[in-house]
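Structure first, commentary second.
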Amino acid sequence: MSDGGPYLVLTATAMDEARQTGAVDTSRADRPTGTLTVRELAASEMGIRIRYFHDASDEHLELMGVDRALLPPPDEWAATYVADAALPREQRATSSLAWELDGEVVGFSSLSEITYGDEAFFHLHLLDAGRRHRGLGVPFVRLSAARFVELFALRRLLSEPNAFNVAPNRTLQRAGFRYVHTHVTTPGSYNPPQPVTRWVLDADDLVP
């Protein structure tokens, strides 16, 4: 397990308890097993996040609403993350958490447009297509949301996945995010204009 600061862990026993409280969807037959951990992604590990986009297929990028031509060069992109990570937490624009399953990094979540003490935009990604649709997303999102709220004293989290990308929209809903509306916008610097679905999770709605 890499060193990335404090951890939040969900064991198989805690997973069962989370299902009973409704924090994890119980309708799926393919429920995750093992120990799920979220931790801060170190600046030296940002290649995980960068490669996820640069190595993605054209089809997957399109599903996420990402234009490959707008992706920053890897070295330039890494430098921006290193610079941001060096700032005081109150001034950070971005943050990332590694998702670990039994000590292996299988995905990550990130924040953008952070307003410390108020709100930020939440993003979620599983690295391996073979691990998608297996019930991992919901508990990782819940763990990530709790950790981000703690790190940045947030009142709420917003998320705006592409409206046609079913998986993250469904995961956010199952993790407790509430639907706000669907609208057309340009979500980020490497996204063209597109319809997105806005979701919100208030810090008070997180299960202790």
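The values are calculated or read from the model by the stated rules, or taken from the named source; none is laboratory data. Predicted model, so just to flag it, every value in this text is computed and none were measured. Reconstructed Cβ throughout: ideal geometry from the backbone, glycine too, with neighbour counts over all protein chains shown.
Observations, loosely collected:
- Total residues in the stretch 81-110, condition assigned to a strand (DSSP E or B), under 14 Å from the mean Cα position of the chain (by Cα) and farther than 19 Å from ASN162 by Cα: 8
- Hey, THR197 loosely packed, with under 13 Cβ neighbours inside 10 Å and either closer than 26 Å to LEU101 by Cα or at pLDDT 95 or above (or both) or not: no
- Among residues of the stretch 101-155, those that are in contact with a strand residue (DSSP E or B) (Cβ under 9 Å, 6 or more places away or on another chain), among the β-branched types (Val, Ile, Thr) and farther than 25 Å from GLY34 by Cα, counted: 1
- Residues (under 17 Å from ASP202 (Cα atoms), of a type in the set (D, E, K, R) and part of a helix (DSSP H, G or I)) located in the stretch 161-191: ARG174
- Complete set of residues in the stretch 132-160 that are crowded, with 21+ Cβ neighbours inside 10 Å and either hydroxyl-bearing (Ser, Thr, Tyr) or assigned to a strand (DSSP E or B) (or both): SER144, LEU157, SER159
- Checklist (1) buried (at least 23 other Cβ atoms within 10 Å of the Cβ); (2) outside any helix (DSSP H, G or I) applied to GLU113, failing item: (1)
Residues are listed down the side, and each one gets a yes or a no for (1) modelled with pLDDT under 50; (2) in contact with a His (Cβ under 6 Å, 6 or more places away or on another chain); (3) in a loop (DSSP other than H, G, I, E, B); (4) more than 15 Å from LEU101 (Cβ to Cβ):
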residue: SER2; (1), (2), (3), (4): yes, no, yes, no
residue: MET15; (1), (2), (3), (4): yes, no, no, no
residue: ALA29; (1), (2), (3), (4): yes, no, yes, yes
residue: ARG39; (1), (2), (3), (4): no, no, no, no
residue: SER44; (1), (2), (3), (4): no, no, no, yes
residue: ARG49; (1), (2), (3), (4): no, no, no, yes
residue: ALA56; (1), (2), (3), (4): no, no, yes, yes
residue: LEU61; (1), (2), (3), (4): no, no, no, yes
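- Number of the condition not met by MET46 [criteria: (1) within 25 Å of ALA175 (Cα to Cα); (2) in contact with a Phe, Trp or Tyr (Cβ under 6 Å, 6 or more places away or on another chain); (3) surrounded by 19 or more Cβ atoms within 10 Å (Cβ to Cβ)]: (1)
- Note on the stretch 49-62: among residues that are within 27 Å of TYR116 (Cα to Cα) and not aromatic (Phe, Trp, Tyr), the one that is surrounded by the most Cβ atoms within 10 Å (Cβ to Cβ) is ARG49.
- Residue tally, condition part of a helix (DSSP H, G or I), among the aliphatic types (A, V, I, L, M) and surrounded by 15 or more Cβ atoms within 10 Å (Cβ to Cβ), over the stretch 63-80: 3
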